[in-house]
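Reading through the structure tokens given below for one structure.
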Amino acid sequence: MRVAIAGAGNVGQFIANDLATNGHDVLILEQDPAVVSRCTPSLSGPRGDGGRLEWRTVDACEVSSLREAELDQVDVVVAATGDDEDNLVISLLAKQEFAVPRVVARVNHPKNEWLFNEAWGVDVAVSTPHLILALTEEALSVGSLVRLLQLERGRARLVEVTLAPDSPVIGKAVREAGMPRDSTFVAVVREDHVIVPRGDTTFEDGDEVLALVTPDSEDEVRQLLIGH
């Protein structure tokens, strides 16, 4: 897979290095020549399982720069700069001008998250503050549905529920739970062990249940796991 990452800050460099080490070809787009000069010696060339790191000193908000970088040849674009406006512009250009199949964008300021949607070419928006909040709520909440992540431009959501003693599914098997057709159980965490749900997996008090839902099925899943 070929991935283009716009922004060579700590976040961009970390993602690039891991992807290349795992065998993917990575193109890093950074407009600051000093950053490119400083980082290229340690982050360039072949890595790990055959992946490669390549640098381009360009403004990723300029169509001509992206065309020179052959953005139409990449499978994924990651807009990882520290500026939300830049990340939105990069996402929009990647999707509309170069038809990149998947665009992932970093949200720096939570108040801007509502902008990171399909209209701006964003497939997946990652807001660190909101993710930390969700994980904190997940750790503290029993009997509540917590959204962990939005996928496919909001058409799918990863949610988590820690089952309370009065949950309607306690003692039931997965196949008996009545999960909506457009949703599925992803995992059950029980006593620090991850269980891949099967049809005969039985829910127990205190289970952390992760499910993939749609906006239309979320309320039904909440009712199924929580009961209210």
Practice task
Give 183, 167 a once-over and let me know the one that is touching a helix residue (DSSP H, G or I) at 6+ places or on another chain (Cβ under 9 Å), of a type outside the set (D, E, K, R) and over 28 Å from residue 123 (Cα atoms).
Solution key: 167
Fill in the blank from the handout: Counting only residues that are under 14 Å from residue 158 (Cβ atoms) and open to solvent by 20 Å² or more (accessible area, probe 1.4 Å), the range 198-214 contains a total of 4
Practice task
State the number of residues belonging to the range 1-36 that are open to solvent by less than 20 Å² (accessible area, probe 1.4 Å) and touching a residue at least 60 places away in the same chain (Cβ under 8 Å).
Solution key: 6
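Here is a yes/no grid of residues against (1) of a type in the set (Val, Ile, Thr); (2) open to solvent by 20 Å² or more (accessible area, probe 1.4 Å); (3) in a helix (DSSP H, G or I):
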residue: 38; (1), (2), (3): no, yes, yes
residue: 52; (1), (2), (3): no, yes, no
residue: 56; (1), (2), (3): no, yes, no
residue: 61; (1), (2), (3): no, yes, no
residue: 64; (1), (2), (3): no, yes, yes
residue: 77; (1), (2), (3): yes, no, no
residue: 81; (1), (2), (3): yes, yes, no
residue: 88; (1), (2), (3): no, no, yes
residue: 94; (1), (2), (3): no, no, yes
Practice task
Scan 139, 134 and give me the residue that is modelled with pLDDT under 95, under 21 Å from residue 155 (Cβ atoms) and in a helix (DSSP H, G or I).
Solution key: 134
Exercise for the section: Can you confirm whether the range 39-60 contains a residue that is among the basic types (Lys, Arg) and either free of Cβ contacts under 8 Å to residues at least 24 places away in the same chain or in contact with a Lys or Arg (Cβ under 6 Å, 6 or more places away or on another chain) (or both)? Expected result: no
Exercise for the section: Tell me which residues, restricted to the range 8-45, are at positive phi and in contact with an Asp or Glu (Cβ under 7 Å, 6 or more places away or on another chain). Expected result: 23
Exercise for the section: Test residue 217 against the criterion of being within 15 Å of residue 148 (Cβ to Cβ), open to solvent by less than 20 Å² (accessible area, probe 1.4 Å) and hydroxyl-bearing (Ser, Thr, Tyr), and give yes or no. Expected result: no
Problem - Members of the range 1-28 found to be under 12 Å from residue 53 (Cβ atoms) and of a type in the set (A, V, I, L, M, F, W, C), listed by number - result: 3, 4, 5, 8, 15, 16, 19, 20, 26, 27, 28
Problem - Scan of the range 176-195 for residues that are open to solvent by 100 Å² or more (accessible area, probe 1.4 Å) and either at pLDDT 95 or above or acidic (Asp, Glu) (or both), ordered by number - result: 176, 191, 192
Practice task
Pull up the range 96-121, narrow it to residues that are at pLDDT below 95 and among the acidic types (Asp, Glu), then point me to the one that is surrounded by the fewest Cβ atoms within 10 Å (Cβ to Cβ).
Solution key: 118
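The values are calculated or read from the model by the stated rules, or taken from the named source; none is laboratory data. What you see is a predicted model, and the numbers here were worked out from it, not measured in a lab. Please note: Cβ atoms are built from the backbone with ideal geometry, for glycine as well, and neighbour counts cover all protein chains shown. What goes into the accessible areas is simple: the full protein's heavy atoms, side chains included, and nothing from ligands, DNA or RNA. Shrake-Rupley method; radii C 1.70, N 1.55, O 1.52, S 1.80 Å.
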